[in-house]
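As structure tokens, the structure follows; a few thoughts come after it.
The values are calculated or read from the model by the stated rules, or taken from the named source; none is laboratory data. Remember, it's a predicted structure, so these values are computed and weren't measured experimentally. Here the Cβ positions follow ideal geometry from the backbone for every residue, glycine too, while neighbour counts run over all protein chains shown. Keep in mind that these areas ignore ligands, DNA and RNA; they rest on the heavy atoms of the full protein, side chains included. Shrake-Rupley method; radii C 1.70, N 1.55, O 1.52, S 1.80 Å.
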Amino acid sequence: MNQMSLLELAFGHIPARILHAAVELRLADAFTDGPQDHRDLAKRTDTDPATLCRLLRALAGLGVVTQVDADRFELTGTGRQLRADAPDSIRDHVLLHALPEVWRSWGGLGHSVRTGAPARDPETGRTAAEFTLRDPELAATYHTALADGSRLLAPEIIRAGDFGRFGTVADIGGGDGTLLAGILAEVPGPRGVLYDLATA
């Protein structure tokens, strides 16, 4: 890995925050067919037009939108994945993993490595998981994100593992069972065991 690649990783928090802002504002959902004037999008998202235009330009740099002219932007195929109604949506993933409480807990990673203690949000005293799962709305987002991630990863996991040689496949901490269901649908023979907390 070269120096520029390392620098891109070091500054990875910037695109993460840009994507999170777009999801938090439901910006992708505000797009209709064809190019949209940023002032119309600002009305739909209740945002400042000039500042939203700058965010849209940043999103254009990430391939989420295309800038058609000085004022108009169009959602790309990549950007459509940030829509709540997209079949391949990653909206909940982006929303969840850049929540301020989750974000702050990552700031304690060095402390966790030094002490072995879990990272906690300095404001709430909770781990990211504790904070997320205690809020019903965030917990729903968390479980949807996990299920979406399982659907995305299942084909690769199935290709990588020889699940047919087992009589039973257990998914520990498997949430709603999306991954296990995907494995059992593709691999005849094994029975499945799903184990998780009652809140999952």
Condition broken by GLU137, with the remaining ones in (1) at pLDDT 90 or above; (2) open to solvent by 80 Å² or more (accessible area, probe 1.4 Å); (3) closer than 24 Å to ILE90 by Cβ; (4) of a type in the set (D, E, K, R) satisfied: (1)
Checking GLU74 against (1) open to solvent by 70 Å² or more (accessible area, probe 1.4 Å); (2) over 17 Å from the mean Cα position of the chain (by Cα); (3) charged (D, E, K, R), which test does it fail? (1)
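Here's the yes/no breakdown for (1) part of a loop (DSSP other than H, G, I, E, B); (2) over 24 Å from LEU133 (Cβ atoms); (3) open to solvent by less than 50 Å² (accessible area, probe 1.4 Å):
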site: ASP171; (1), (2), (3): no, no, yes
site: ASP176; (1), (2), (3): yes, no, no
site: GLY182; (1), (2), (3): no, no, yes
site: GLY189; (1), (2), (3): yes, yes, no
site: ALA198; (1), (2), (3): yes, no, no
Output for region 142-169, where each listed residue is more than 21 Å from the chain's Cα centre (by Cα) and either within 21 Å of ALA128 (Cβ to Cβ) or part of a loop (DSSP other than H, G, I, E, B) (or both): GLY161, ASP162, PHE166, GLY167
Could you grab the pairs with beta carbons closer than 7 Å, sequence gap of 6+ or different chains, first residue in region 144-170 and of a type in the set (S, T, N, Q), second one open to solvent by less than 80 Å² (accessible area, probe 1.4 Å) and not in a helix (DSSP H, G or I)? THR168/PRO190; THR168/VAL193
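Can you name the residue in region 1-43 that is hydrophobic (A, V, I, L, M, F, W, C) and open to solvent by 70 Å² or more (accessible area, probe 1.4 Å) and is also modelled with the highest pLDDT among such residues?
Residues of region 1-43 that are hydrophobic (A, V, I, L, M, F, W, C), as a first pass: 1, 4, 6-7, 9-11, 14, 16, 18-19, 21-23, 25, 27-28, 30-31, 41-42.
With open to solvent by 70 Å² or more (accessible area, probe 1.4 Å) added as a condition, the list becomes 1, 4, 6-7, 9, 11, 14.
Working: MET1: 75, MET4: 79, LEU6: 87, LEU7: 86, LEU9: 86, PHE11: 88, ILE14: 91.
For region 1-43, the residue satisfying everything is ILE14.
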Among (1) modelled with pLDDT under 80; (2) part of a helix (DSSP H, G or I); (3) of a type in the set (Val, Ile, Thr), which single condition is THR124 missing? (2)
Number of positions in region 77-91 that are open to solvent by 30 Å² or more (accessible area, probe 1.4 Å) and either outside any loop (DSSP other than H, G, I, E, B) or among the hydroxyl-bearing types (Ser, Thr, Tyr) (or both): 3
Is there any pair linking a residue in region 14-32 that is within 17 Å of THR78 (Cβ to Cβ) to one that is open to solvent by 50 Å² or more (accessible area, probe 1.4 Å) and of a type outside the set (D, E, K, R), with Cβ under 6 Å and at least six apart or on different chains, and which? PRO15/LEU62; ASP29/ALA84
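Given ASP48, ASP85, which one is without any contact (Cβ under 8 Å) to a residue 12 or more places away in the chain and among the acidic types (Asp, Glu)?
Exactly one of ASP48, ASP85 is without any contact (Cβ under 8 Å) to a residue 12 or more places away in the chain and among the acidic types (Asp, Glu), namely ASP48.
Return a yes/no flag: does region 60-75 have any residue that is within 30 Å of SER150 (Cα to Cα) and in a helix (DSSP H, G or I). Give the steps one after another, and end with the answer.
To start, the set of residues in region 60-75 that are within 30 Å of SER150 (Cα to Cα) comprises 60-66, 74-75.
Cutting the leftovers down to in a helix (DSSP H, G or I) gives us 60-61.
Yes; the residues of region 60-75 include at least one that is within 30 Å of SER150 (Cα to Cα) and in a helix (DSSP H, G or I).
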